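Comments concern the structure below.
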């Protein structure tokens, strides 16, 4: 749900939106050697959810996903990719939706369009943690970062969506150049290895990892990082390509 809720709650049929289709986004950030996920907390409910929304009749699905992403992060040119469609019939659960509506003193009719079954298109986004401005929507208390290994209980099947997004992220580490958006513009080889280890949840051998990354020919060594001891200063790197929009 999004800032469109006020318009939607007075529209029983959902006029102007594609029926039965929604978007859920898993927004990953990397900070303090932790992989984090952006979540919404709905007002007066204690419910946690992924940022999501609906698709206007006059917009592309990818366009709708970028609109949802921008409204929650204030970012535009970032990695965003569709990764799965969630359509199991048992994901249809009206209880949390009615709770969210009741918290806004709105009691919908049973045939309200928001209470009908939805298939959700899953997207995952990779963002520079330092550049995000987490922004709640009109029916949320907050929009905050949560560590992936300490997520609260999520409504509906959103935990399953997070799990699937993580699996996709792990599988795409190399050929999708995942580091583009999770690291700052320049970084050490240690920073990059820490990112890989966090996503893969395992330790990597330093020398083997460095050989592998250099063999991919995607890194440019630019300078040594000043640490006070020049002989021990690690090199700084950046990705050779400047195009960090890979969707």
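When you scan region 153-166, do you find a residue that is free of Cβ contacts under 8 Å to residues at least 24 places away in the same chain, over 20 Å from residue 182 (Cα atoms) and not in a loop (DSSP other than H, G, I, E, B), even just one?
Yes, the conditions are met somewhere in region 153-166.
Hey, among 79, 17, which residue is buried (at least 18 other Cβ atoms within 10 Å of the Cβ), at pLDDT below 90, within 24 Å of the chain's Cα centre (by Cα) and over 18 Å from residue 155 (Cβ atoms)?
Step by step, each of 79, 17 is checked, and only 79 is buried (at least 18 other Cβ atoms within 10 Å of the Cβ), at pLDDT below 90, within 24 Å of the chain's Cα centre (by Cα) and over 18 Å from residue 155 (Cβ atoms).
Output the residues belonging to region 72-106 that are assigned to a helix (DSSP H, G or I) and under 22 Å from residue 39 (Cβ atoms).
Residues satisfying the conditions are 72, 73, 91, 94, 95, 96, 97, 98, 99, 100, 101, 102.
Quick one: how many residues across region 145-170 are over 12 Å from residue 26 (Cβ atoms) and either surrounded by fewer than 15 Cβ atoms within 10 Å (Cβ to Cβ) or not assigned by TED's automatic domain parsing to the domain that holds residue 97 (or both)?
Counting residues in region 145-170 that are over 12 Å from residue 26 (Cβ atoms) and either surrounded by fewer than 15 Cβ atoms within 10 Å (Cβ to Cβ) or not assigned by TED's automatic domain parsing to the domain that holds residue 97 (or both) gives 6.
Suppose we filter 25, 99 for residues that are farther than 30 Å from residue 170 by Cα, surrounded by 15 or more Cβ atoms within 10 Å (Cβ to Cβ), modelled with pLDDT of 90 or more and assigned by TED's automatic domain parsing to the domain that holds residue 153; which single one remains?
Result: 99 is the single residue among 25, 99 that is farther than 30 Å from residue 170 by Cα, surrounded by 15 or more Cβ atoms within 10 Å (Cβ to Cβ), modelled with pLDDT of 90 or more and assigned by TED's automatic domain parsing to the domain that holds residue 153.
Between 128, 137, which is in contact (Cβ under 8 Å) with a residue 12 or more places away in the chain, in the same structural domain as residue 29 (by TED's automatic domain parsing) and either under 18 Å from residue 33 (Cβ atoms) or out of contact with any strand residue (DSSP E or B) (no Cβ under 9 Å at 6 or more places or on another chain) (or both)?
Answer to the selection: 128.
Filter region 12-68 down to the residues that are over 30 Å from residue 202 (Cα atoms) and free of Cβ contacts under 8 Å to residues at least 40 places away in the same chain and list them by number.
15, 18, 46, 55, 58, 59, 60, 63, 66, 67 - these are the residues of region 12-68 that are over 30 Å from residue 202 (Cα atoms) and free of Cβ contacts under 8 Å to residues at least 40 places away in the same chain.
Test of understanding: among 109, 69, 35, which residue is touching a helix residue (DSSP H, G or I) at 6+ places or on another chain (Cβ under 9 Å) and either assigned to a strand (DSSP E or B) or closer than 24 Å to residue 146 by Cβ (or both)?
Of 109, 69, 35, the one residue that is touching a helix residue (DSSP H, G or I) at 6+ places or on another chain (Cβ under 9 Å) and either assigned to a strand (DSSP E or B) or closer than 24 Å to residue 146 by Cβ (or both) is 35.
On the basis of being in a loop (DSSP other than H, G, I, E, B), out of contact with any strand residue (DSSP E or B) (no Cβ under 8 Å at 6 or more places or on another chain) and modelled with pLDDT under 90, does residue 247 make the cut?
When the stated conditions are applied, residue 247 does not pass them.
The values are calculated or read from the model by the stated rules, or taken from the named source; none is laboratory data. Note that the coordinates shown come from a computational prediction; the quantities given were computed from them, not determined experimentally. No Cβ is skipped: glycine too gets one built from the backbone with ideal geometry, and neighbour counts run over all protein chains shown.
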